[in-house]
Amino acid sequence: MNGLIKMEKEFIKTLRKYDHIILYGAGLVGALVGEWLLISGLHSKVIGYAVSKKREELDSFCGFPVYEIEDLKEERKDSLVLVTTMPNLHEEMAKELLRLEFSEVAFVIEPLYRELSKRVMADYNRHNPVTFSKDTRTRILFMASDNNKTSGAFLCMAELCETLQNKGLEVVVVLPHYGTGSALLMEKKIPYTYIPSKDWGYEIGKNHNLVERWKFFVELLSNNSAKRKLEKLIKEQTISLIHCNTTYTYIGAVAARACHIPYIWHLRENMANQGYQFFAKRWALELIEKASWMIAVSEYIKNEMGLRDPERVKVVYDPVEMDAKVLESRERWMHVNKKPVEMIMVGALAPFKGQRELIDACAILKREGAFDFRLQIVGKGEREYEKELEKLVLSYGLEDRVSFYGASNRVYELYTQADLSFTCGSREAYGRVTIEAQMSGCLVIGVNSGGTKELIKDGETGYLYEAGNPKALAERIKRAATNPTESRRIARSGQEYACKTYTKEKHLGEILHIYEEVLGREEKSLCT
């Protein structure tokens, strides 16, 4: 067998033919299929997850063991290999399975993914209805625009919800689709529910395609069902306040207005920088400006939004929580001239993040030969862009100095092994990775634009360089590498500043103050 499975019934029929199943792909699709198998009672057939190259940290996934696909060759006669990845990886994985002579292979494609996700979300909602304590006076509903545990916006929302719960407030998160973020919420014991919806972020590249615009508009009309479900939840649970977590999500605001309750809007991103725009900008800005209060994650985002009344926008920098061991002072720069300079860049692999600029700078450093260095690029993105970066590294002959780590759940540990960290996106809305790197003791080099220039004091808590200028970036790296005493001082200063400035306590105080104004209650009563 070697086919594409489109429907759930066909999926069940196929799986029942085999005694053993190998799930090839330990990512979002793999997590969904694993969860569906548990619901359907077919999990006993699963040998485990397989990956092309296993990292030490990935011993298990969704309750199943993880193997390298090469190590499961002995299972190929009796097993079905189910390729559980996004479609753009199917061809690559099919070649690998052909090389290893696996003959029974099936692929999970988009129609099946959608059907399975609906089943998993409905099953979760059925077994986990939203409930609040009867004596709770303040009930806050958070509207997430994604469901991704590696998203900075999602992480900040989860940390805020956890802090509010610890202070005695009750919260619930509404998720718009299936994803990995739900596992984080479960880990933090934050209640959530699924109400599938579409955000209003429209791809700029499709702006002149009337067919695409019409299709998008029809998809937005389907949000009427989500709005009705949300209104029902608001009324049944007497929600006090809606907190829209990002610029993208709007259903919560529409439902709040229909139910005559207040809403606040967290403005976290520059949509244009990510290749998107409001589908109906005028209406979108009007809806945002009708919020009881608006919160921006940086002065940069506050100014970029183009709102008529920026005085109603409060800038609140997100907090970052680090493990106490990570926060310990380091002396990595003591012997920098006796070892390669270890460099790291963390974040989604995307053109607007500036990975290409950093690789160009590394090529300049290699030509000059002033010192030895190694760079780890940590993160995932569109496979085509990843291939572009890999080809660029090969073209510069940097393959022995620049490596691609992939996604990681041990980023903090990787930071502690690095000397330098980089933020090269010219229009970063905020920069959680910048602060994480500072807190872990890295000397951070970032662009002098966007939200990054608000987080780094040049020459004091890090270095800034001219955005879009690889040569200027290379000069900053060279200065850091060849002046270890100065670098150690700046790294320490950056760590102390970040740990003192971006605290949960400070952030909570500012958020509670906004809630007080919106709800007309004192902070003391909110926390009881």
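Among LYS118, LYS198, which is the only one that is touching a Phe, Trp or Tyr at 6+ places or on another chain (Cβ under 9 Å) and not in a loop (DSSP other than H, G, I, E, B)?
LYS118
Of these, GLY494, GLY450, which one is outside any helix (DSSP H, G or I) and either touching a Lys or Arg at 6+ places or on another chain (Cβ under 7 Å) or in the same structural domain as LYS366 (by TED's automatic domain parsing) (or both)?
Criteria check complete, one pass: GLY450.
Exactly one of these conditions fails for ILE69: (1) closer than 22 Å to GLY181 by Cα; (2) of a type outside the set (Lys, Arg); (3) free of Cβ contacts under 8 Å to residues at least 60 places away in the same chain. Give me its number.
Tallying (1) closer than 22 Å to GLY181 by Cα; (2) of a type outside the set (Lys, Arg); (3) free of Cβ contacts under 8 Å to residues at least 60 places away in the same chain, ILE69 fails exactly one: (1).
Based on this model, can you work out whether ARG401 counts as of a type in the set (D, E, K, R) and within 24 Å of GLU321 (Cα to Cα)?
No; evaluated as a whole, the condition is false for this residue.
Those residues that are more than 28 Å from the chain's Cα centre (by Cα), surrounded by fewer than 19 Cβ atoms within 10 Å (Cβ to Cβ) and either of a type in the set (D, E, K, R) or within 22 Å of ARG367 (Cβ to Cβ) (or both), I need them from region 474-514; list them, please.
GLU475, LYS478, ARG479, THR482, ASN483, GLU486, ARG489
Which of the residues belonging to region 293-311 are under 21 Å from GLU516 (Cβ atoms), of a type in the set (Asp, Glu) and in contact with a helix residue (DSSP H, G or I) (Cβ under 9 Å, 6 or more places away or on another chain)?
Scanning region 293-311 gives a single hit, ASP309.
Among the residues of region 38-58, is any aromatic (Phe, Trp, Tyr), surrounded by fewer than 19 Cβ atoms within 10 Å (Cβ to Cβ) and in contact with a helix residue (DSSP H, G or I) (Cβ under 9 Å, 6 or more places away or on another chain)?
no
Just to be sure, is TYR412 of a type in the set (Ser, Thr, Tyr), in contact (Cβ under 8 Å) with a residue 40 or more places away in the chain and over 29 Å from ARG312 (Cβ atoms)? Don't jump to the end; show me each part of the working.
Values: of a type in the set (Ser, Thr, Tyr): yes; in contact (Cβ under 8 Å) with a residue 40 or more places away in the chain: yes; over 29 Å from ARG312 (Cβ atoms): yes.
Yes: the conditions hold for TYR412.
Would you call ILE195 under 27 Å from GLY30 (Cβ atoms), in contact with a Cys (Cβ under 7 Å, 6 or more places away or on another chain) and of a type outside the set (Asp, Glu)?
Against the criterion (under 27 Å from GLY30 (Cβ atoms), in contact with a Cys (Cβ under 7 Å, 6 or more places away or on another chain) and of a type outside the set (Asp, Glu)), ILE195 does not qualify.
Out of the helices (runs of 4 or more DSSP H) lying entirely within region 336-431, which hold 3 or more residues that are at pLDDT 90 or above and surrounded by 20 or more Cβ atoms within 10 Å (Cβ to Cβ)?
Fully inside region 336-431 and qualifying: 355-368.
So PRO87 ticks every box in (1) modelled with pLDDT of 90 or more; (2) in contact with a helix residue (DSSP H, G or I) (Cβ under 9 Å, 6 or more places away or on another chain) but one. Which box is left unticked?
Every listed condition holds for PRO87 apart from (1).
The values are calculated or read from the model by the stated rules, or taken from the named source; none is laboratory data. This structure is a prediction, so every number in the text was calculated from the model and none was measured. Backbone-built Cβ (ideal geometry, glycine too); neighbour counts: all protein chains shown.
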